[in-house]
Amino acid sequence: MMRNPKYGLLPIVIVLMAVAPAFAGSITVYGTGYNLTSNFEPDLNYVLQGGFSGIQTCSNFPCTTYTMPAFPGWYPPDTPWQWITPYSSENDNAPVGNYDYRTTFMLPSNFSSATLSGMTAMDNSGMVYLNGDLILTISGIHGFEALHPFSDSTRSDFLPGLNTLDFVVNNIGGPTGLLVENISGSYNGGSTPEPGTFLLLGSGVLGFIGVLRRRLRR
C-alpha cells in the first residue's frame, strides 16, 4: 500500500516550523547620568538640541549635558542615575524656556515590533517624544517631585536604524533639569538570533536529518 506523500512530509514540515528563528534583542538606551559618580560630569548619552537661548556653556547646538545634585524638592535619584542640566556648575537661575534633551538608540532594519519604557522627572514640566511622536505630557509646575512613567509599543513610532528620544523640558524660572530612570526596551525580528535559537535550530536540523534517513531506508 502506497502512503500518501503529504502525510510522509508532515513530520518534516513540523520540524522546519519548529526551528524557524524567532529573533529578538534588547534596545541599548541609557537613563540620565547612568553610572556617573561625580557632580557636573559630562553625560555623553544626552545632548541639548536647542529651542532656547542664554545658556552660557553652549554656543552651538547640540550641546553637552552635565550631571548635577538634586535641588531641594527634586525627586532624589535612584542608583545609578543622576539629574542632568545644561550647566557645568551649579545654577539656580536658568533662563525661562524649553530645553530639548535628546538620546538615541538603534534598531535593526528588519525588526517586526518594539517596545520602550522608562520613568522621568522634569523641572518644571514638559513632554517626551519618540521620533517626533508624543508619548508623555507632564503638566503643571511640579514635574520634578516624582517620577512619571512613559512607554510606547506602537510599531509605526519606531524606525529602522537610528531612533531619537526627546525630553522637552519647560522651565518657568529658577533651576532646571531632567532625570530619566529605569529606561529599557526590546524588539522582535532583526538579523541576529538569540543563543537559544541557535540551539533550537541545531536540534531541529538533526531531527530533520533523522527523519529523512529513515524514509530513504524504506
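Tally Lys and Arg at +1 and Asp and Glu at -1 over the other residues with C-beta under 15 Å from the C-beta of Asp152: what net charge comes out?
-2
Starting at the first residue of segment 169-174, write each ³J(HN,Hα) from the Karplus equation 6.51 cos²θ - 1.76 cosθ + 1.60 with θ = phi - 60°, in whole Hz, x for Gly and Pro.
Rounded to whole hertz, the list is 9, 9, 9, 9, x, x.
Testing the spin-label approximation: label points 7 Å from Cα along Cα→Cβ at Ser113 and Asn188. State their distance in nm.
In this crude label model, Ser113 to Asn188 measures out at 0.3 nm.
Subtract the Cα-Cα distance of Phe61 and Leu159 from 0.36 nm times their separation in residues, and report this length gain in nm to one decimal. Please list the in-between numbers first.
Working: separation 98, 0.36 × 98 = 35.28 nm, distance 2.37 nm.
Gain on extension, Phe61 to Leu159, equals 32.9 nm.
In Å³ and rounded to a whole number, note down the convex hull volume per residue for the Cα atoms of segment 50-120. Display every interim value, and only then the final one.
Working: hull volume 10.1 nm³, N = 71.
Given the Cα convex hull of segment 50-120, per-residue volume reads 143 Å³.
Amide H to amide H, which residues 5 or more places from Gly33 or on other chains are under 5 Å from it, using H placed in the peptide plane?
Gln82
Any read-out appearing in this document is the output of simple, stated calculations on the displayed coordinates, not a laboratory observation. Please read these numbers as outputs of a predicted model, since none were measured by experiment. In this analysis, Cβ positions are derived from the backbone assuming ideal geometry, glycine residues included, and neighbour counts consider all displayed protein chains.
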